[in-house]
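Below you'll find the structure, written out as structure tokens, and then a few comments.
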Amino acid sequence: MTEVAEAHYLDGLRIARERLSGVAVARHGYARHLKRVRMIEAGHPIPDAAGLEGADRALSLADGADADDLVLVLMSGGASANWIAPADGISFEDKQVVTRALLRSGAAIGEINTVRKHLSRIKGGRLALHSHPAKLVTIAISDVPGDDLSAIGSGPTIPDPTTLGEARTIVAKYNLDVPDSITRALKEPGNETPKPGDRIFEGNQVVLAARPADAMRAAEVAVRAAGYDCISLGDRIEGEARDVAAAHAQVARQLRAQGKRAAIISGGELTVTIRGKGRGGPNQEYALALAIGLADMPAVAALAGDTDGTDGGGGAATDPAGALVDGESVARAKARGLDPAAFLADNNSTAFFEALGDLLVPGPTFTNVNDFRAIIVDSP
């Protein structure tokens, strides 16, 4: 997105280079060559010091803007972790602790972002506060179910409809073990976010450049062009990965019973409640549970992956995006002495698919429109 913006202003409009300044922050391994804007690679899903630097630079630039300036914010999923600016009284380490707790809890992405917004100096509309009175334009790529603008990257330029009270309720709901500083911050009235109707948002523009629904439509066109019926379950699927997988496996078996040749596609953000000690993200856990649900079913294959190229993992560009399965996955695993149910119970989907050679590792895609899953039911 930043490459395109630079080309527009420097090559298209040919403005003087000194008129353009900025900072671009992406996860490690996702850097692009930029002419003028500073490029920073930062931690995801767990924030790191580079994300702290990126957020501080963005806030400094916004603070320096006046009514004659344009603040252009290019936003996509991942910014919630890549931009880290702890609220007063919260240490960087405290933010890492609460992020880990949220990711392990099984909380939905909207719930996670509600807490994040109220512990930040940049999320939940606060970047707009720092930018005021400059002209503010946000161009966003949605990676969230329903394209809720306030949820994309935790909405740094968008009015926040959520409250401190809701954030406290989420912490209590999942019985999160968080530092005392987090508990105090969520009771501090000064950490409430700017709300709809606040004058700082007057005249601001927001445009969606791409959405999960766009990816789903493109997939549906490809499915039908390949001669399959397309069963689209929508781009807003949420829930525990293993439960969703079991339901989708049942749909596949129903299609087989009806003698249909079809593809089941879906998007959305699944969650994993971590109870084991293994490795893996929601797409890999979905794929493992799906493999169990499709066991011994002939002529069926599936993939589940994150469109940004990484699913869970340690934050490296080489982390898997998801996994591939078919009706023989469980049989092949058992032939190697692997118990799929045991791997699922230990949340150890990465090791399972690593052993089978079925991890999906495309590398960085440089975009993000949430997750994508497809199940092909062919003629047996």
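FYI, it's all coordinate maths here, none of it is from the lab. From a predicted model like this one, the values you see are computed outputs, not experimental measurements. Cβ atoms come from the backbone with ideal geometry, glycine included; neighbour counts cover every protein chain shown.
What the table shows:
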| read-out | value |
| --- | --- |
| Taking 269, 53 and counting other C-beta atoms within 10 Å, the order from fewest to most | 53, 269 |
| Percentage relative contact order, the range 212-377, counting C-alpha pairs under 8 Å, at least six apart | 28 percent |
| The chain: relative contact order as a whole-number percent, Cα under 8 Å and 6+ apart | 15 percent |
| Least to most buried among 33, 130, 248 (fewest other Cβ within 10 Å first) | 33, 130, 248 |
| Kyte-Doolittle at least -0.5, axis length at least 30 Å by Cα - qualifying DSSP helices, the chain | none |
| Residues 129, 208, 290, sorted so that the one with the fewest Cβ neighbours within 10 Å comes first | 208, 129, 290 |
| Cut-off 12 Å between beta-carbons: net charge of the residues surrounding residue 25, Lys and Arg +1, Asp and Glu -1 | 0 |
| Over 26 Å (Cα to Cα) - which of 35/95; 123/187; 260/334 fall in this group | 35/95; 260/334 |
| Distance from the range 203-275 to the range 107-132 (C-alpha centre basis), Å | 28 Å |
| Computed label-point distance, nm, for sites residue 180 and residue 378 using a 7 Å Cα→Cβ extension | 6.2 nm |
| Proximal charge balance of residue 283 [Cβ under 9 Å; K/R count +1, D/E count -1] | -3 |
| Total formal charge among the other residues, if their Cβ is under 12 angstrom from that of residue 230, Lys/Arg +1 and Asp/Glu -1 | +2 |
